[in-house]
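Here is the structure we will look at, set down as structure tokens.
The values are calculated or read from the model by the stated rules, or taken from the named source; none is laboratory data. The structure displayed is predicted, hence computed values, not measured ones. Neighbour counts run over all protein chains shown; Cβ positions are idealised from the backbone, glycine included. Surface accessibility is based on the protein's heavy atoms, side chains included, excluding ligands, DNA and RNA. Shrake-Rupley method; radii C 1.70, N 1.55, O 1.52, S 1.80 Å.
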Amino acid sequence: IYLEGKNQQNVNTIHVDLLHAFRVNVNGKTITKGWNQRYAKQILVYLLFHQTATRDNMCEKLWPEVPLMTAKRNLRVYLSHLKRVLHSFPTKEPVLVIDREHIFLNGRVTSDALSFVKGTESAMAEANDHRKYEKITHLLSQLSSRDYLTEVYDDWFLDMRKQQEYRLVHLVTWLGEWLWK
């Protein structure tokens, strides 16, 4: 989340590669350790796509089979770990903001996966055939292999991935028909 009114130099930059491989950069520094522990990767990816979340919502989406009180107790530990991971390097402002109810990433957040999702949405909505063709071919050029968005296997993420696959099938079908004409 970009916080209005903050000094541009103090705003964190958070970039997450997720489309083909998982990589996190905070303020230009790559964080390599701690992602496969205590749900750090899953929580970060959830925040990446949802920007801000309540504790209850996060528990329901990430651990639906765990009783809410247990999940909330565990979440406290998981968030503490994620905060340590994200602050592997000193930052002027906290990267992860946690209050009694909400959790969010503090800074300018970018991601190849977010760009890809927005690109599919844009291509689906495009009315001009030539621009739609350009958007679709650009999206397809980003998919260097069949394996994309395979770093997280939570239900909410798999649903989002399935939605992207439906969009891609629709777009590729449109592209084939348009090229045939």
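Whether any residue in the stretch 4-21 is among the acidic types (Asp, Glu), under 17 Å from the mean Cα position of the chain (by Cα) and open to solvent by 10 Å² or more (accessible area, probe 1.4 Å) is what I want to check. Yes - at least one qualifying residue is present in the stretch 4-21. Residue pairs whose Cβ atoms lie under 9 Å apart, separated by 6 or more positions or on different chains, with the first residue in the stretch 36-64 and of a type in the set (Asp, Glu) and the second surrounded by fewer than 17 Cβ atoms within 10 Å (Cβ to Cβ), are Asp56/Leu68; Asp56/Lys72; Asp56/Glu101; Glu60/Leu68.
Whenever a residue of the stretch 92-109 is more than 14 Å from Leu75 (Cβ to Cβ), its partners that are of a type in the set (D, E, K, R), lying with C-beta atoms within less than 9 angstrom and at least six residues away or across chains, give the pairs Glu93/Lys6; Pro94/Lys83; Val95/Lys83; Asn106/Glu93; Gly107/Glu93.
Annotation: of all residues in the stretch 55-73 being charged (D, E, K, R) and out of contact with any Cys (no Cβ under 7 Å at 6 or more places or on another chain), the one that is surrounded by the most Cβ atoms within 10 Å (Cβ to Cβ) is Arg55. Specify the residue that is surrounded by the fewest Cβ atoms within 10 Å (Cβ to Cβ); the eligible residues are those in the stretch 22-36 that are over 16 Å from His81 (Cβ atoms) and polar (S, T, N, Q). Only one residue tops the list, namely Thr30.
Kindly list, by first and then second residue, each pair from a residue in the stretch 113-140 that is farther than 27 Å from Leu158 by Cβ and touching a residue at least 40 places away in the same chain (Cβ under 8 Å) to a residue that is of a type outside the set (A, V, I, L, M) and open to solvent by less than 80 Å² (accessible area, probe 1.4 Å), limited to pairs with Cβ atoms under 8 Å and residues at least 6 apart or on different chains. So the pair list comes out as Asp129/Trp178; Lys132/Glu126; Lys132/Trp174; Lys132/Trp178; Tyr133/Trp178.
Every test in (1) surrounded by fewer than 13 Cβ atoms within 10 Å (Cβ to Cβ); (2) modelled with pLDDT of 95 or more is passed by Met124 save one, and that test is (1). Across the stretch 127-137, the qualifying residues are those that are of a type outside the set (Ser, Thr, Tyr) and closer than 15 Å to Val169 by Cα, and the one among them that is most open to solvent (accessible area, probe 1.4 Å) is Lys135.
One line per residue, one yes/no per condition, for (1) under 27 Å from Asn12 (Cα atoms); (2) modelled with pLDDT of 95 or more:
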position	(1), (2)
Cys59	yes, yes
Val66	no, yes
Thr70	no, yes
Tyr78	yes, yes
Lys83	yes, yes
His87	yes, no
Lys92	yes, no
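For the stretch 86-116, filtering for residues that are under 24 Å from His20 (Cβ atoms) and open to solvent by 10 Å² or more (accessible area, probe 1.4 Å) leaves 7.
Inside the stretch 63-161, counting only strands (runs of 3 or more DSSP E) that do not spill past its ends, which hold 2 or more residues that are among the polar types (S, T, N, Q)?
On the way: elements: 96-98, 102-105, 108-111.
Answer list for the stretch 63-161: 108-111.
When Ala21, Ala40 are screened for being among the hydrophobic types (A, V, I, L, M, F, W, C) and at pLDDT below 95, only Ala21 passes.
Checking each residue in the stretch 138-176 for being open to solvent by less than 50 Å² (accessible area, probe 1.4 Å) and of a type in the set (Val, Ile, Thr) picks out Thr150, Val152.
Each residue in the stretch 37-54 was checked for being open to solvent by less than 40 Å² (accessible area, probe 1.4 Å) and in a helix (DSSP H, G or I), and 8 of them qualify.
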